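Here the structure is laid out as structure tokens; the discussion comes afterwards.
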Amino acid sequence: QVQLVESGGGLVQPGGSLRLSCAASGRIFSISVMGWYRQAPGKQRELVATATAGSGRTYADSVKGRFTISRDNRKNTVYLEMTSLKPEDTAVYYCKCRDGLHDYWGQGTQVTVSS
């Protein structure tokens, strides 16, 4: 079983920045992909960004050029650097990882972009 713990959410003004972190722990076999998803009120959960154990990175079109995902494989930790934040980025952000054949989710961290 793998546990994911997210941190770094909060309230920020439009145009501001936040950095989210997600650390995996427990009985880890081999984490291939780590990523971030978000869910705004009344909307479906959507992919924000993913990072493979190598250099593969994917981003949602809505965050390209503003968000950067990075990963520390030795620490089993993934980060999401968010800049130029907009009110529409407001959501609960969830971390997800794939370990072997299993997917695991974190509990989520709230990001609110508001003046």
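The values are calculated or read from the model by the stated rules, or taken from the named source; none is laboratory data. What you are looking at is a predicted structure, and each value in this text was computed from that prediction instead of being measured. We place every Cβ from the backbone using ideal geometry, glycine too, and count neighbours over all the protein chains shown. In case anyone asks, the SASA skips ligands and DNA or RNA and just uses the protein heavy atoms, side chains included. Shrake-Rupley method; radii C 1.70, N 1.55, O 1.52, S 1.80 Å.
Scan VAL92, VAL63, VAL78 and give me the residue that is modelled with pLDDT of 95 or more, among the aliphatic types (A, V, I, L, M), closer than 23 Å to SER115 by Cα and in a strand (DSSP E or B). Break it down stepwise before answering.
Values: VAL63 fails: in a strand (DSSP E or B); VAL78 fails: closer than 23 Å to SER115 by Cα.
Result: VAL92 is the single residue among VAL92, VAL63, VAL78 that is modelled with pLDDT of 95 or more, among the aliphatic types (A, V, I, L, M), closer than 23 Å to SER115 by Cα and in a strand (DSSP E or B).
Quick check on this structure: which one of GLY54, GLY35 is modelled with pLDDT under 95 and not basic (Lys, Arg)?
Details: GLY35 fails: modelled with pLDDT under 95.
Of the residues listed, the single one that is modelled with pLDDT under 95 and not basic (Lys, Arg) is GLY54.
Tell me which residues, restricted to the stretch 26-68, are open to solvent by less than 50 Å² (accessible area, probe 1.4 Å), under 12 Å from LEU80 (Cα atoms) and among the polar types (S, T, N, Q).
Residue satisfying the conditions is THR50 alone.
Could you look through the stretch 77-94, keep only residues that are open to solvent by 10 Å² or more (accessible area, probe 1.4 Å) and touching a Leu at 6+ places or on another chain (Cβ under 9 Å), and pick out the one that is nearest to GLN1 (Cα to Cα)?
Checking each candidate, the answer is TYR94.
Residue by residue through the stretch 16-34, note down the ones that are under 29 Å from SER115 (Cβ atoms) and touching a Ser or Thr at 6+ places or on another chain (Cβ under 6 Å).
Within the stretch 16-34, the first condition is being under 29 Å from SER115 (Cβ atoms), and the residues that meet it are 16-22.
Within the stretch 16-34, SER17, SER21 meet the criteria.
Which residues, taken from the stretch 95-115, are within 26 Å of ARG27 (Cα to Cα), in a loop (DSSP other than H, G, I, E, B) and open to solvent by 40 Å² or more (accessible area, probe 1.4 Å)? Even if it seems obvious, please write down each step before you answer.
First, the residues of the stretch 95-115 that are within 26 Å of ARG27 (Cα to Cα): 95-109.
This time we only want the ones that are in a loop (DSSP other than H, G, I, E, B), so: 100-101, 106-108.
Matches in the stretch 95-115: LEU101, GLN107.
How many residues, within the stretch 2-48, are of a type in the set (D, E, K, R), under 14 Å from VAL92 (Cα atoms) and part of a loop (DSSP other than H, G, I, E, B)?
Residues flagged as of a type in the set (D, E, K, R), under 14 Å from VAL92 (Cα atoms) and part of a loop (DSSP other than H, G, I, E, B) within the stretch 2-48 amount to 2.
Taking interchain pairs and intrachain pairs at least six residues apart, which have beta carbon atoms under 6 angstrom, with the first residue in the stretch 55-78 and over 26 Å from GLY100 (Cβ atoms) and the second in a loop (DSSP other than H, G, I, E, B) and small (Gly, Ala, Ser)?
Partner pairs satisfying both residue conditions: ARG66/SER84.
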